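Peer 1: Can you read through this structure? Questions will come right after.
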Amino acid sequence: MRIDQSIIAKQNEQHFDAHQKKLAIAAETVPDLESVIQKLVDFQVAIPSWALGAGGTRFGRFSIGGEPGNLEEKISDVGLLHALNQSSGAISLHIPWDIPSDPEKIKALAAEHGLVFDAMNSNTFQDQPNQKLSYKYGSLQNVNRAIRKQAIDHNIEVIEYGKALGSNSLTVWLSDGSNFPGQLNFRKAFQHTLEGLQEIYATLPDDWKLFVEYKAFEPNFYSMTVGDWGQSLLYAQKLGPKAFTLVDLGHHLPNANIEQIVSLLLMEGKLGGFHFNDSKYGDDDLTVGSIRPYQLFLIFRELVEGMDSRGMNHAKDLGWMIDASHNIKDPLEDLLQSVEAIQIAYAQALLVNNAEMEAAREHNDVVLAQELLQNAFRTDVRAIVAEARLRKGAALRPLETYRNLKVRASLIEERGAVSRASGL
Ligand SMILES: [Mn+2]
């Protein structure tokens, strides 16, 4: 299924007058409206291939119907999102779930949908059919050199697939760690992992980046070998200038101050990419902005301020991606909600006046500093985000348009009610 731009334009007609009125109100409160709109026009968020089907928990999985069954269908689903919001112009692949049998053909198909390939993801957290050696006791940290070598070779293979598709980054997330005290020598586990990452890093093309993603717990519950931003930063610093830390919002212990982490990583030039989701407890992988929208705003505020202080390009210099899972929602609806939540937080963060904020801080005016943040957070920027979409030929109301066009029903018609996406 494809959505033609003329259909979207037709859907937009009925909302156009109401939109203009809301935008005029927003224009009165936002001094630099055009610049905010332009930044939103430029901003793209990558969609992971594994978020397009229903996700499961340890207890069960409930198919949504019409899920993409192969890489071509996954690309087509991201194409649908991109047609609706013109802000999801990249797809992130996971190997071996998404091995492209004919990279040139896959690249051409993605281009037809206006998509490029974001970071490639390797997988050494589960055993594949016909795999020689098991990752039961870890991959790069493993005490067995042959197992480490297998994991290294896999990552190098993922880089090769990425090169063929025009990607330029590799995200390594390791489930390595231990479940019980005494199981691991922490220093040996770290050293083995570092040596493995060094071998992978050595094969990276010049214009590539290596993202080291950390996670506090799960699947291991006593220790994780890349457990927090300090460990990730340590690896990234030892690896070299092409290695960066990747922050996944769900990968922290409860109540961690993620905005402070982001600020310091940016200061060190070591923040590489971002995985958006939301959570109440742990790695819940819920819709972005559904639980803690103020935290999301505070993170974006540090991102914007930190990138500006280093003269970075908001749209290009960091990897922006959603990493979520959908147990009970239509994944495409969930992703439309997530992209919108990201754009809203980004737009609100752009409204904070840095000079006023710094002046308030210099005077220890705690109250004013808080007011400046909350005034921005409490500004309704939805019409501004919609205007950015409109200028790109996207839907004023993506979710409503998706429902009006009965996209899920068409996908079920096309692929069947029991189709199941590969992945998590
Ligand atoms: Mn992630």
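Taken together, the values in this text are just the output of simple stated rules run on the coordinates, not laboratory data. Since the structure is predicted, the reported quantities are computational estimates derived from the model, not experimental observations. All Cβ positions, glycine included, derive from the backbone under ideal geometry; neighbour counts span all protein chains shown.
Peer 1: Sequence gap at least 6, Cα distance under 8 Å: using those rules, report the relative contact order of the chain to the nearest whole percent.
Peer 2: Relative contact order for the chain comes out at 24 percent.
Peer 1: Considering the chain as a Gaussian network with a 10 Å cut-off on Cα pairs, which listed residue, VAL212, VAL41, VAL288, attains the greatest mean-square fluctuation?
Peer 2: With Cα springs under 10 Å in the chain, the top fluctuation among VAL212, VAL41, VAL288 is at VAL41.
Peer 1: Per-residue ellipticity at 222 nm for the chain, helices alone: DSSP H runs ≥ 4 residues times -39500 (n - 2.57), over residue total, nearest 500 deg cm²/dmol?
Peer 2: -15000 deg cm²/dmol
Peer 1: Another one. If you stretched the chain out fully between LYS105 and ARG391, how much longer would it get, using 0.36 nm times the residue separation minus the C-alpha to C-alpha distance?
Peer 2: Between LYS105 and ARG391, full extension yields an extra 99.9 nm.
Peer 1: Please work out how much length the chain gains when fully extended from ILE328 to MET267, using 0.36 nm per residue of separation minus the C-alpha to C-alpha distance, in nm with one decimal.
Peer 2: 18.1 nm
Peer 1: Which value in nm describes the separation of the simple spin-label points at GLU218 and GLU195, placed 7 Å from the Cα toward the beta carbon?
Peer 2: Label-label distance for GLU218 and GLU195, simple model: 3.3 nm.
Peer 1: So which helices of the chain fit the span-like rule, where a helix is a whole DSSP H run, its Cα atoms reach 27 Å or more along the axis, and its mean Kyte-Doolittle is at least 0.0?
Peer 2: The answer, listed by residue number, is 331-350.
Peer 1: Given a cut-off of 25 Å, name the pairs among LYS22/LYS316; LYS21/LYS392; LYS107/LYS238; LYS215/LYS242; LYS132/LYS238; LYS136/LYS270 whose C-alpha atoms lie farther apart than that in the structure shown.
Peer 2: The pairs that break the limit, which is 25 Å between Cα atoms, are LYS22/LYS316; LYS107/LYS238; LYS132/LYS238; LYS136/LYS270.
Peer 1: Quick check on the chain: take the gyration tensor over C-alpha atoms, sort the square-rooted eigenvalues as a ≥ b ≥ c, and tell me if it's rounded (a/c under 1.5), prolate or oblate.
Peer 2: The shape class here is oblate.
Peer 1: Roughly how many nanometres apart are two label points built 7 Å out from the Cα toward the Cβ at GLU112 and ARG403?
Peer 2: Distance between label points: 3.1 nm.
Peer 1: Anyone know which of GLU104, GLU356, GLU72 comes out most mobile in the 10 Å Cα GNM of the chain?
Peer 2: Checking each option, the largest mean-square fluctuation is seen for GLU356.
Peer 1: Suppose each label sits 7 Å from its Cα in the direction of the beta carbon; what would the ASP206-ASN185 distance come out to in nanometres?
Peer 2: So the two model labels end up 4.0 nm from each other.
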